[in-house]
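Take a look at the structure below.
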Amino acid sequence: MDTTERTGRRRLAREDLVLLLMAAVASVSVLAIAAFDTSIQLFGTIRLGWLLTVTVLTGAAVAMVMLIWRSWLQQRLRLWQRRDEVVELRRSLAAAEAIIKAEPQVLIFWQQGENMRVAAHTLTTVPGLPEDPQLLMRLGAWLEPESARDLKAKLDTLFTQGQPFNLLLRTGAGGDVEADGRVSGGRAILRFRDIAGYRKQVAEIISQHRQLARDIGLGRALYNALPHPVWIRGGSGQIEWVNKAYVRAVGAKSEVEVTDRQLELLETRQREELANVLVRGESFRKRMPLIIGGERRHHDIVVLPFGEASVACAIDVTAIQSAESELDRLVATFYRTLDRVSTAVAIFSRDQRLSFFNDAFAKLWQLDADWLSQRPMHGELLDRLRERSRIPEVVNYREWKTKVLAGYKTGSEPEEWWHIPDGRSVHVMAEERPDGGITYLYEDETERLALESRYNELIRVQRETLDHLAEGVAVFGTDGRLKLFNQAFERIWKLGRRMLQDEPHIDEIIRQCQILHDEPTEWGNIAQAATAFSDQRQHATGQMTRADQSVIDYAALPLPDGGTLVSFADVTVTKRYARALEERNEALIAADRLKSQFISHVSYELRTPLTSIIGFTELLESPRIGELNEKQREYLSAVSRSSETLLSTINDILDLANIDAGALELRLAPAKVVGLIEAAALGVKERMSRIHLALEVEVAEDVDELIADEARVRQILYNLLSNAIGFSDPGGLIRLSCVREGQMIAFTVTDQGAGIPHDQQRDVLGRFVSRSRGSKHRGAGLGLPIVKSLVELHGGTMSLVSEPGEGTSATVRFPEHGPRPGTEAVRSLSIA
């Protein structure tokens with residue numbers, strides 16, 4: 001292209017020179033003509049001017065022609081240059097396309113404002129790679145989901161930030177392809193190439209890694225879904241991974257906490273036993289007790305070694321253990337029960353050996369228990385009984401014995417009577433067992449006839465008993481007819497004996513009874529109970545008030561034989577007494593309520609002036625009023641202490657009144673146990689130092705906080721400590737301890753005082769019961785009652801243990817998580 005340009009330029013220069021020469025010749029010619037004209041003066045001065053004008057115009061025309069010619073030549077030169085450039089570009093494009101298509105690849109690019117364009121698609125050896133360019137960007141259609149997500153994320157970053165990338169991808173058909181993304185000249189370029197050599201191996205390794213990671217993820221997800229703890233140990237013996245159940249079992253917050261702190265589920269002894277088995281390369285399986293969530297439960301520990309690592313699982317088998325233990329207990333109970341029944345029982349196994357017998361069996365046949373314990377054969381047992389004349393006398397014993405023993409093969413369950421030579425009649429029943437053995441029941445029926453005779457006698461006694469009952473009794477059969485009645489039934493409903501002896505139907509009896517009490521609903525209930533055909537027969541009870549103002553209680557009860565027992569009791573007098581007692585009880589309740597209202601009202605009225613007295617006392621004690629002498633300070637101190645004591649008593653009375661009225665509400669919140677104890681101890685510190693008492697506090701390590709009304713718990717502890725101080729001798733010791741008792745937090749205050757006499761222990765928690773004998777303590781007797789009421793309001797309990805001369809221990813127990821919603825507090829007190 002440079003040679004053509006130089007040739008064109010030389011040609012243009014030559015043409016310019018020719019134009020200049022032509023212009024010069026024209027000018028010279030004009031000037032020559034002008035000079036000639038001048039010399040001959042043919043035309044004069046005017047002719048000379050015209051010639052000059054013609055000369056100038058001619059020169060301008062020549063110059064214009066020269067410029068036009070030059071422009072045309074330049075345009076031709078540019079056309080030649082562009083044609084050469086197009087040829088060169090086509091040659092370069094062909095070379096570039098040949099180079100691009102020489103390598104198997106898919107080349108895609110995006111230019112701003114344009115759609116995707118495929119520059120090359122020569123890659124055909126990758127399974128699953130689409131040939132249609134429109135399908136290439138539908139990544140999810142031909143790539144594995146994970147590869148599609150990775151490529152889409154990288155393309156988004158390439159488009160927005162221009163960040164290049166290189167990925168190894170896997171198609172849905174299992175092929176491997178390399179994706180390379182770049183930005184060049186404002187274009188985003190994506191190239192897919194086949195993978196070969198070590199990169200092919202790397203792709204396979206990555207694919208295997210992803211498969212392993214997916215398998216591991218699925219396995220861990222499965223382990224996390226299990227309710228049993230699972231953990232994996234590495235070659236160093238350290239825990240490397242645990243599932244969620246393990247995290248919950250050890251009380252951790254996360255898997256990371258378990259692995260960082262190496263929180264163990266098994267005890268040291270259990271881990272050592274497990275390690276001794278794993279060191280031999282053997283699997284381990286054993287049932288062990290574990291403490292999980294504060295509860296001891298049985299688990300099957302299964303550990304499988306994998307090289308130096310191991311995986312373990314703790315399967316909760318508490319239910320199975322309980323079921324097995326329960327089954328063993330049931331079997332033992334079953335055998336113990338059989339030992340206590342009067343029916344002789346003998347169980348033979350499928351090999352015809354005696355596997356169980358009860359005491360009744362040994363006594364019935366008068367056999368040695370030691371010999372029976374040796375598990376003799378059934379045939380040997382029959383032989384022994386024959387020797388002692390304990391079986392029926394038969395003509396052919398061998399045939400009879402063979403028939404008896406044939407039941408093990410035929411599965412028959414014979415039922416027969418043995419009439420023994422000693423005069424007894426034994427009912428023998430056989431039942432096949434699921435294991436192929438036979439259970440024999442031997443019932444001595446010798447006294448049955450005597451029992452039948454006694455039964456008839458008992459029937460007569462029953463008749464006499466019914467006739468002397470105060471309640472009216474009528475028994476109806478399954479057909480609804482009267483089968484049995486007594487005299488009280490006749491008397492209550494004024495019925496005729498002859499009519500009743502004819503076994504009338506219950507409908508006829510009801511018509512006769514409606515003369516005294518006509519209430520269809522009640523009689524309908526009785527008739528329904530006596531004549532209904534439902535499988536589950538219902539009881540019918542109620543009370544009738546007859547026209548003569550007598551009150552009759554009735555009850556219809558189904559009998560085992562299908563009959564119905566209907567009883568009527570005249571409770572007129574009892575009802576009157578009950579009504580009188582209810583009225584008296586209501587009067588007592590009203591009086592007690594009035595007393596409580598009076599005490600509450602008086603307490604409110606007393607608290608206002610008492611508050612003023614306390615305020616003025618504190619004002620007098622302040623230095624602003626003036627100096628007081630020792631006697632005055634002593635008097636003011638006594639007034640202040642008495643006022644505070646009286647105010648405390650009034651507040652206790654008001655609290656009790658609010659509790660009785662149900663107006664005292666607890667403000668439940670988490671409260672630190674140590675803070676509660678410190679606050680209560682601070683309140684009695686001055687009183688204890690005054691009489692030189694020591695306070696010993698002990699809080700268990702597993703006790704931290706509880707859900708309760710913090711102010712009320714402080715009041716409870718303060719009252720308990722105050723009570724202990726009041727009954728302690730100077731220089732004594734008071735102990736305050738706090739321990740966990742299951743789901744309860746227990747506070748115990750123990751003093752070394754005189755204790756509580758046994759005759760006062762039942763009334764010590766009564767209101768206004770002052771226990772001042774043998775001590776200097778004086779009070780209104782409200783400290784412990786208010787403690788008991790507040791503890792019960794929290795859903796807790798209170799107990800006292802006291803021995804005269806040895807001191808008293810008061811224990812209050814609070815639910816750790818507060819009272820259960822929707823339930824009333826359990827009110828209980830035990831005194832030992």
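Across segment 92-114, what is the number of residues that are surrounded by fewer than 14 Cβ atoms within 10 Å (Cβ to Cβ) and at pLDDT 75 or above? Show your work before the answer.
Narrowing segment 92-114 to residues surrounded by fewer than 14 Cβ atoms within 10 Å (Cβ to Cβ): 92-99, 102-103, 111-114.
Checking which are at pLDDT 75 or above leaves us with 111.
Final tally of qualifying residues: 1.
Check residue 599 against each of (1) outside any strand (DSSP E or B); (2) modelled with pLDDT of 85 or more; (3) under 51 Å from the mean Cα position of the chain (by Cα); (4) of a type in the set (Val, Ile, Thr) and name the one condition it does not meet.
Of (1) outside any strand (DSSP E or B); (2) modelled with pLDDT of 85 or more; (3) under 51 Å from the mean Cα position of the chain (by Cα); (4) of a type in the set (Val, Ile, Thr), only one is false for residue 599: (2).
May I ask you to list the residues in segment 511-521 that are farther than 19 Å from residue 485 by Cβ and either not assigned by TED's automatic domain parsing to the domain that holds residue 484 or not in a loop (DSSP other than H, G, I, E, B) (or both)?
Filtering segment 511-521 down to residues farther than 19 Å from residue 485 by Cβ leaves 518-521.
Listed by number, the residues that qualify are 520, 521.
Which one of 263, 304, 338, 372 is surrounded by 11 or more Cβ atoms within 10 Å (Cβ to Cβ), assigned to a loop (DSSP other than H, G, I, E, B) and among the aliphatic types (A, V, I, L, M)? Lay out the reasoning, then the answer.
Numbers: 304 fails: assigned to a loop (DSSP other than H, G, I, E, B); 338 fails: assigned to a loop (DSSP other than H, G, I, E, B); 372 fails: assigned to a loop (DSSP other than H, G, I, E, B).
After ruling out the rest, the residue left standing is 263.
Can you confirm whether segment 663-676 contains a residue that is over 38 Å from the mean Cα position of the chain (by Cα), closer than 24 Å to residue 819 by Cβ, buried (at least 17 other Cβ atoms within 10 Å of the Cβ) and hydrophobic (A, V, I, L, M, F, W, C)?
Step one: filter segment 663-676 for residues over 38 Å from the mean Cα position of the chain (by Cα), giving none.
No; the residues of segment 663-676 include none that is over 38 Å from the mean Cα position of the chain (by Cα), closer than 24 Å to residue 819 by Cβ, buried (at least 17 other Cβ atoms within 10 Å of the Cβ) and hydrophobic (A, V, I, L, M, F, W, C).
Wholly within segment 391-493, which strands (runs of 3 or more DSSP E) include no fewer than the required count, namely at least 2 residues that are assigned by TED's automatic domain parsing to the domain that holds residue 546 and hydrophobic (A, V, I, L, M, F, W, C)? Explain how you work it out, then say what you get.
Values: elements: 415-419, 425-432, 438-444, 472-476, 482-485.
Passing ranges, in order: 472-476, 482-485.
Kindly evaluate residue 402 against the criterion of being polar (S, T, N, Q), loosely packed, with under 15 Cβ neighbours inside 10 Å, at pLDDT 85 or above and over 30 Å from residue 514 (Cα atoms). Break it down into steps so the answer makes sense when it comes.
Details: polar (S, T, N, Q): yes; loosely packed, with under 15 Cβ neighbours inside 10 Å: yes; at pLDDT 85 or above: yes; over 30 Å from residue 514 (Cα atoms): yes.
Answer is yes for this residue.
Name the pairs: first residue in segment 295-320 and in contact (Cβ under 8 Å) with a residue 40 or more places away in the chain, second residue in a helix (DSSP H, G or I), Cβ to Cβ under 7 Å, at least 6 apart or on different chains?
310/278
Please pick out the residue among 169, 89, 155 that is surrounded by 12 or more Cβ atoms within 10 Å (Cβ to Cβ), at pLDDT 75 or above and either assigned to a helix (DSSP H, G or I) or in contact with a Phe, Trp or Tyr (Cβ under 6 Å, 6 or more places away or on another chain) (or both). Let's see the steps before the verdict.
Values: 169 fails: either assigned to a helix (DSSP H, G or I) or in contact with a Phe, Trp or Tyr (Cβ under 6 Å, 6 or more places away or on another chain) (or both); 89 fails: surrounded by 12 or more Cβ atoms within 10 Å (Cβ to Cβ).
When all the criteria are applied, what remains is 155.
Working carefully through the options 716, 756, find the one that is buried (at least 20 other Cβ atoms within 10 Å of the Cβ) and at pLDDT 85 or above. Before you say what the answer is, go through the steps one by one.
On the way: 756 fails: at pLDDT 85 or above.
After applying the criteria, what remains is 716.
Going by the structure shown, is residue 334 under 24 Å from residue 431 (Cβ atoms) and touching a residue at least 24 places away in the same chain (Cβ under 8 Å)? So that I can check it myself, show each step before the final result.
Details: under 24 Å from residue 431 (Cβ atoms): yes; touching a residue at least 24 places away in the same chain (Cβ under 8 Å): no.
So residue 334 fails the test.
When residue 439 is evaluated against the numbered criteria (1) within 60 Å of the chain's Cα centre (by Cα); (2) polar (S, T, N, Q); (3) modelled with pLDDT under 85, which criterion, by number, is the only one it fails?
Just one mismatch for residue 439, condition (3).
Scan (1) at pLDDT below 90; (2) within 23 Å of residue 332 (Cβ to Cβ) for the single condition residue 347 breaks and write down its number.
For residue 347, the failing item is (1).
Which of the residues spanning segment 523-571 are of a type in the set (S, T, N, Q) and assigned to a strand (DSSP E or B)? It would help to see each step written out before you state the result.
We begin by selecting, within segment 523-571, every residue of a type in the set (S, T, N, Q); these are 525, 528, 531, 534, 536, 538, 541, 543, 545, 549-550, 564, 567.
The answer is 541, 543, 545, 564, 567.
Which condition from (1) within 30 Å of residue 478 (Cβ to Cβ); (2) loosely packed, with under 12 Cβ neighbours inside 10 Å is the one that residue 564 breaks?
The one condition residue 564 does not meet is (2).
So is residue 628 at pLDDT 70 or above, more than 25 Å from residue 722 (Cα to Cα), of a type in the set (A, V, I, L, M) and in a helix (DSSP H, G or I) or not?
Against the criterion (at pLDDT 70 or above, more than 25 Å from residue 722 (Cα to Cα), of a type in the set (A, V, I, L, M) and in a helix (DSSP H, G or I)), residue 628 does not qualify.
Of the residues that make up segment 470-492, is at least one touching a residue at least 40 places away in the same chain (Cβ under 8 Å), of a type in the set (D, E, K, R) and over 17 Å from residue 531 (Cα atoms)?
yes
Please indicate, with yes or no, whether at least one residue in segment 502-510 is in contact with a helix residue (DSSP H, G or I) (Cβ under 7 Å, 6 or more places away or on another chain), in contact (Cβ under 8 Å) with a residue 24 or more places away in the chain, outside any helix (DSSP H, G or I) and surrounded by fewer than 17 Cβ atoms within 10 Å (Cβ to Cβ).
no
The values are calculated or read from the model by the stated rules, or taken from the named source; none is laboratory data. No experiment lies behind these values; they were computed from the predicted model shown. Here Cβ is always computed from backbone atoms with ideal geometry, including for glycine, and neighbour counts include all displayed protein chains.
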